[in-house]
Amino acid sequence: MTEAVASEWPPLLGQILPDCFPGEFDPPECDQVDLIIPEAASNRVNDCFNDFLEQMGVKSKLVVPVLDSEHLHSRRNNEQITQTRSAQTKAFWGLLVAHHCAKPRQWQQWEVDWLSALATQAGIAIEQSQLYEQLKEANQELHRLATVDGLTQVANRRRFDEYLVQEWRRLARQQAPLSLIMCDVDFFKRYNDTWGHLAGDDCLKQVATAIRGAIERPADLVARYGGEEFAVILPYTDADGALCVAQKLRAQVLSLQIPHSSSSVNSCVTMSVGVATAIPMWQSAPEQLIAAADGALYCAKTGGAIG
């Protein structure tokens, strides 16, 4: 990122380092003392890197390993840790290297201590960064588990409620349309009674996948509203657009061709849908949209496929 170098020495910033290192190599300094090399030519890596050091004018160097906290603690207390090579490599995060270019030098103990302190701080920073990433991933997974329906893997009722309120407020500011589709698998109790609850669970999984496959925009949300009922939130969608999506949902579910001999309307599993659209207003609530979609779904269940 930055560099300060005397004018008589070639800069390292922007240099492409030679490919002198294998894809995996043993970290020889993990459990040993700091490596003090008064002569650059005695470098332990290989001739390729020695040539690079000579090109850069390096006469001597001091190398300190950057370790994780466990290995750093054991090293300070002269404890031995027996580990596999892969585990040791994970504990070894890199090397902190000081180059001296003017002439070969005898490194002083304060210089070794100073560079070791920097390596310790680097190791702590790396470990804290890794712990933060692990915590962030764990929190994301917890949030996912809390907002996803365990059976169908679409959003659950909690996520539906949160998202509907969020989009209602956002579209109220923009005065843009918000549509809601309520879906219900026809005669699902009869399906369970005929085929059993395990078959019923599998049916709901397939229906959820079909609904999700019919939704194309990232902002649209498919949720399991409860039992055999699903809901689809469609931001920035007017009534005509929502009706088109509703027709597509019904067609997708029917195309599954799941046998349903107990249905009164078809030999395969079908779905009724209710559609409602509104321009959200601050003085109104999203529950009004839910009530309208529920009413349309009731009409569809009693008199047609879409209400």
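The values are calculated or read from the model by the stated rules, or taken from the named source; none is laboratory data. Not measured: the values here are computed from a predicted model. Every residue, glycine among them, receives a Cβ derived from its backbone with ideal geometry; neighbour counts consider all protein chains shown.
Please state which one of Ala172, Ala199 is exposed (fewer than 15 other Cβ atoms within 10 Å of the Cβ), out of contact with any Gly (no Cβ under 7 Å at 6 or more places or on another chain) and farther than 22 Å from Ala246 by Cα.
Values: Ala172 fails: exposed (fewer than 15 other Cβ atoms within 10 Å of the Cβ).
One residue alone meets the criteria, Ala199.
Being assigned to a strand (DSSP E or B) and charged (D, E, K, R) is the filter here, so list the residues in the range 169-199 that pass it. Please lay out each step first, then the result.
Restricting attention to the range 169-199, the residues satisfying the condition of being assigned to a strand (DSSP E or B) are 178-185.
Within the range 169-199, just Asp184 meets the criteria.
Which one of the conditions (1) closer than 26 Å to Gln166 by Cα; (2) at pLDDT 95 or above; (3) touching a helix residue (DSSP H, G or I) at 6+ places or on another chain (Cβ under 8 Å) does Ala285 fail to meet, given that it meets all the rest?
(2)
Pick out the one residue from Ser263, Ser255, Ser267 that is of a type outside the set (Lys, Arg) and free of Cβ contacts under 8 Å to residues at least 12 places away in the same chain.
Residue meeting the stated conditions: Ser267.
Any residue in the range 208-226 that is surrounded by fewer than 18 Cβ atoms within 10 Å (Cβ to Cβ), within 18 Å of Ala176 (Cα to Cα) and in contact with a helix residue (DSSP H, G or I) (Cβ under 9 Å, 6 or more places away or on another chain)?
yes
Condition first: in contact (Cβ under 8 Å) with a residue 24 or more places away in the chain and either of a type in the set (A, V, I, L, M, F, W, C) or over 26 Å from Asp238 (Cβ atoms) (or both). Now tell me which residues in the range 271-291 satisfy that. Before you say what the answer is, go through the steps one by one.
The first filter runs over the range 271-291 and keeps only residues in contact (Cβ under 8 Å) with a residue 24 or more places away in the chain, leaving 271-282, 285-286, 289-290.
Selection gives Met271, Val273, Val275, Ala276, Ala278, Ile279, Met281, Trp282, Ala285, Leu289, Ile290.
I'm told Gln121 meets every condition in (1) surrounded by 11 or more Cβ atoms within 10 Å (Cβ to Cβ); (2) more than 29 Å from Lys61 (Cα to Cα); (3) of a type in the set (S, T, N, Q) except one. Can you identify the failing condition by its number?
Condition (2) is where Gln121 drops out.
Test of understanding: among Tyr191, Tyr132, Tyr163, which residue is of a type in the set (Ser, Thr, Tyr) and exposed (fewer than 14 other Cβ atoms within 10 Å of the Cβ)?
Working: Tyr191 fails: exposed (fewer than 14 other Cβ atoms within 10 Å of the Cβ); Tyr163 fails: exposed (fewer than 14 other Cβ atoms within 10 Å of the Cβ).
Unique residue meeting the criteria: Tyr132.
Identify the single condition in (1) surrounded by 13 or more Cβ atoms within 10 Å (Cβ to Cβ); (2) under 25 Å from Gly295 (Cα atoms) that Lys205 does not satisfy, given that it satisfies every other one.
(2)
List the strands (runs of 3 or more DSSP E) inside the range 204-307, counting only whole elements, that have at least 3 residues being among the small types (Gly, Ala, Ser).
Once the strands (runs of 3 or more DSSP E) in the range 204-307 are filtered for at least 3 residues that are among the small types (Gly, Ala, Ser), what remains is 271-278.
Tally time: how many residues in the range 269-291 are buried (at least 16 other Cβ atoms within 10 Å of the Cβ) and either under 21 Å from Ala208 (Cα atoms) or over 36 Å from the mean Cα position of the chain (by Cα) (or both)?
Start the filter on the range 269-291 by keeping residues that are buried (at least 16 other Cβ atoms within 10 Å of the Cβ), which leaves 269-278, 280, 286, 289-290.
Those still in the list that are either under 21 Å from Ala208 (Cα atoms) or over 36 Å from the mean Cα position of the chain (by Cα) (or both) too: 269-276, 290.
Number satisfying all stated conditions: 9.
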